[in-house]
Amino acid sequence: MDGGFFGLLRKRLASRMERPMLRVPGSPAVTYRDMDERSARAAGWLASQGVDIGDRVVAQLPKSVESVALYLGALRLGAVYVPLNTAYTEAEVGWFVSDADPAAVVRDAAALTAGLERAEPLTGLAGRRDDDLAALVYTSGTTGRPKGAMLTHGNLASNALALNEAWAFQPDDVLLHTLPIFHVHGLMVALHTAMLSACEMIFLERFDAGEVLAWLPEATVMMGVPTYYSRLMALDGFDAAACSRVRLLVSGSAPMTAELHRAVAERTGREVLERYGMSEALMITSNPYNGPRVAGTVGPALPGIEVRVCDDDGSPVSGRAGMVQVRGPNVGPGYWRRPDATSDTRTPDGWFVSGDVGRLDADGRLTLEGRAGDMIISGGFNVYPSEIEQVLDAHPAVTESAVVGLAHPDLGEAVAAFVVAEPGADDDLDRLVPDLAGTLGDVARFKHPKRIVLVDGLPRNAMGKVLKAELRTRYADLFA
Ligand code: MLC
């Protein structure tokens with residue numbers, strides 16, 4: 001594949017360059033040709049800073065026309081784009097930068113804008129093959145530091161083509177784009193899929209339910225995490241009239257409850273299409289565009305992708321729960337500079353072990369039933385309990401802590417911490433909770449516990465292991 005994913009975009013867009021691409025409220029419309037020129041400038045700007053083919057470019061930037069241009073410019077130059085959540089703290093960013101070992105770190109939006117204005121455009125495009133790296137997307141793990149999930153040009157291209165077809169994108173579609181673009185959902189699912197058909201995107205910097213509702217009548221497609229839909233449901237105006245042009249509502253990144261699925265359908269006459277994916281393998285399954293979208297399931301594997309469910313000894317099973325495994329052109333080559341972690345997630349016969357527990361029914365539909373580890377998905381962001389527990393446990397007044405995800409009406413799941421104080425700390429208990437919150441200063445705020453509960457002890461099994469399931473049951477209504 002000449003020119004990698006950017007080359008594919010170029011081919012698909014060749015006859016449609018004058019079409020509008022991004023409509024940012026209050027700014028002039030950006031056409032596909034404008035974006036092509038901006039990406040050439042971005043490539044030139046990066047090259048002028050010494051970025052070469054294969055070099056990493058770390059970006060922690062607000063969502064903007066310029067940050068899209070930087071992403072496309074990096075692809076065009078053959079560099080490897082490393083997007084970071086804008087909520088990450090200095091300490092977190094410092095760690096990502098040391099791991100990604102980049103040739104450029106772009107965090108200053110004003111400097112980026114000024115750089116693009118000055119830069120000499122680099123109009124060519126680097127020769128990239130399917131297996132050349134295009135991006136690193138950081139994900140944490142149950143233990144240890146975050147890992148960079150590597151994605152190749154072939155991964156991006158195959159997945160964008162599969163989704164573009166499966167979801168029937170047409171040039172006259174208008175995508176309401178309100179997701180952040182530092183994760184695969186907003187960047188690779190939404191942006192790529194729409195770009196392949198030269199669609200227009202209403203490009204909002206962040207999700208605000210009222211603003212989204214105001215734009216919805218102009219959109220034909222929206223993508224979001226379940227929290228977006230539950231927040232829209234809280235507004236009376238979210239109804240069939242607001243969705244009169246909408247042909248597709250997609251949900252992903254976190255499980256949507258069957259109840260919310262039904263409520264949206266009743267209110268809008270549109271059945272949300274739920275799909276399943278992850279940074280390491282992009283999109284894996286999708287409910288059908290034509291055909292029944294079953295609430296609570298994530299549908300069959302996308303075309304060209306295989307999904308199986310295996311029991312503990314690795315044998316495929318059907319109709320009962322097991323570990324979800326994936327094979328196909330969507331699966332990335334592993335974790336950046338972490339061959340150990342890569343091989344831990346591969347079976348001997350080359351399947352990617354997702355870490356999710358699910359069940360396949362006779363016609364190949366997947367239903368997710370939980371995760372093997374205790375990862376929390378809060379409002380579509382992953383939070384790893386061990387990261388928070390380590391910080392809490394380091395506090396001198398804390399004997400031990402356990403962090404779990406509990407049902408939350410807005411975020412789906414929210415982070416809760418259960419803390420056992422040191423015996424001598426009794427006098428300071430009133431101060432302990434705010435003090436603990438303060439010690440999390442180096443951790444992005446979305447990961448902070450929404451509640452810290454002081455308890456006398458943690459429930460344990462006979463082996464001494466903390467029973468998180470029991471905490472989840474006992475405190476199920478904490479956020480109700
Ligand atoms: C924000 N906050 C969160 C949070 N988002 N807390 C817990 N979980 C979250 N997801 C906190 C902030 O830290 C802050 O806390 C307060 O909420 C207000 O911040 P905000 O930025 O104004 O919040 P808001 O705009 O309401 O954001 C909520 C949200 C956002 C749901 C709109 O989180 C969001 O856009 N989520 C989408 C995530 C996403 O794109 N995931 C894709 C992953 S890709 P304080 O304490 O400072 O006041 C993937 C693969 C796949 O998973 O298959 O898609």
**Fill in**
Burial-style ranking of 67-78, 453-464, average other-beta-carbon count within 10 Å with highest first, yields 67-78, 453-464
**Complete:** Sorted largest first, the Cα spans of region 308-455 on the principal axes come out in Å as 59, 36, 26
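Where does each of 165-172, 311-318 land if you order them by average Cβ count within 10 Å, highest first? Can you show the working numbers first?
Working: 165-172: 15.8, 311-318: 10.6.
Highest-to-lowest ranking by the protection proxy: 165-172, 311-318.
Quantify how much of the Cα-Cα distance distribution of region 235-389 extends past 20 Å, in percent.
Value for region 235-389: 54 percent of Cα pairs lie more than 20 Å apart.
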**Asked** Taking a 1.4 Å probe, which of Trp45, Trp215 shows the most accessible area, and what order do the others take after it?
**Response** Trp215, Trp45
**Prompt:** HN-Hα J couplings of region 446-453 from phi, Karplus 6.51/-1.76/1.60, θ = phi - 60°, integer Hz, Gly and Pro as x?
**Reply:** 5, 8, 5, x, 6, 9, 10, 10
**Fill in**
Counting sequence-distant residues (5 or more places) and residues on other chains, those with an amide H built under 5 Å from that of Ala59 are Val82, Leu84, Val106
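Just flag the trypsin sites (Lys or Arg not before Pro) in region 232-264 sitting in loop per DSSP whose Cβ has no more than 15 other Cβ atoms within 10 Å. List each step's numbers first, then the result.
Numbers: sites: Arg245, Arg247, Arg262; in loops: Arg245, Arg247.
Hits after loop and neighbour filter: Arg245, Arg247.
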**Request:** Show the residues, 5+ positions off or on another chain, whose built amide H is closer than 5 Å to the amide H of Ala444.
**Result:** Thr89
**Asked** Amide H neighbours of Met21 under 5 Å, counting only residues 5+ apart in sequence or on other chains, H built in-plane at 1.01 Å?
**Response** Val30, Thr31, Tyr32
**Prompt:** Using only helices, what value at 222 nm comes out for the chain when you add -39,500 (n - 2.57) per DSSP H run of length 4 or more and divide by the total residues, to the nearest 500 deg cm²/dmol?
**Reply:** -8500 deg cm²/dmol
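Leaving out ligands and nucleic acids, note down the accessible area per residue over region 240-299 with a 1.4 angstrom probe, in whole Å².
Numbers: 2180 Å² over 60 residues.
Computed with neighbouring chains in place, this is 36 Å² per residue.
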**Request:** Could you give the spread of the C-alpha atoms of the chain along their three principal axes, from largest to smallest, in whole angstroms?
**Result:** 70, 50, 50
**Fill in**
In order over region 124-129: 3J(HN,Hα) from phi, Karplus 6.51/-1.76/1.60, θ = phi - 60°, whole Hz, x for each Gly or Pro, gives x, 9, 5, x, 10, 9
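For a quick check of your reading of the filter: which trypsin sites (Lys or Arg not before Pro) in region 304-334 sit in a DSSP loop and have no more than 16 other Cβ atoms within 10 Å? Present the calculation step by step, with values, prior to reporting the outcome.
Numbers: sites: Arg308, Arg320, Arg327; in loops: Arg320.
Those satisfying the criteria are Arg320.
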**Request:** Give the Debye-formula value of log10 I(q)/I(0) at each listed q (0.26 Å⁻¹), with one equal scatterer per alpha carbon of region 1-80, two decimals each.
**Result:** -1.28
**Item:** Rg over Rh, two decimals, region 57-206 (C-alpha only, Kirkwood Rh)
**Value:** 0.96
**Asked** When the Karplus curve 6.51 cos²θ - 1.76 cosθ + 1.60 is applied with θ = phi - 60°, which whole-Hz ³J(HN,Hα) does each residue of region 30-42 get, with x for Gly and Pro?
**Response** 10, 8, 4, 5, 4, 5, 4, 5, 5, 5, 5, 5, 4
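The values are calculated or read from the model by the stated rules, or taken from the named source; none is laboratory data. Since the structure is predicted, the reported quantities are computational estimates derived from the model, not experimental observations. Note that we place each Cβ from the backbone using ideal geometry, even for glycine, and neighbour counts take in every protein chain shown. In case anyone asks, the SASA skips ligands and DNA or RNA and just uses the protein heavy atoms, side chains included. Shrake-Rupley method; radii C 1.70, N 1.55, O 1.52, S 1.80 Å.
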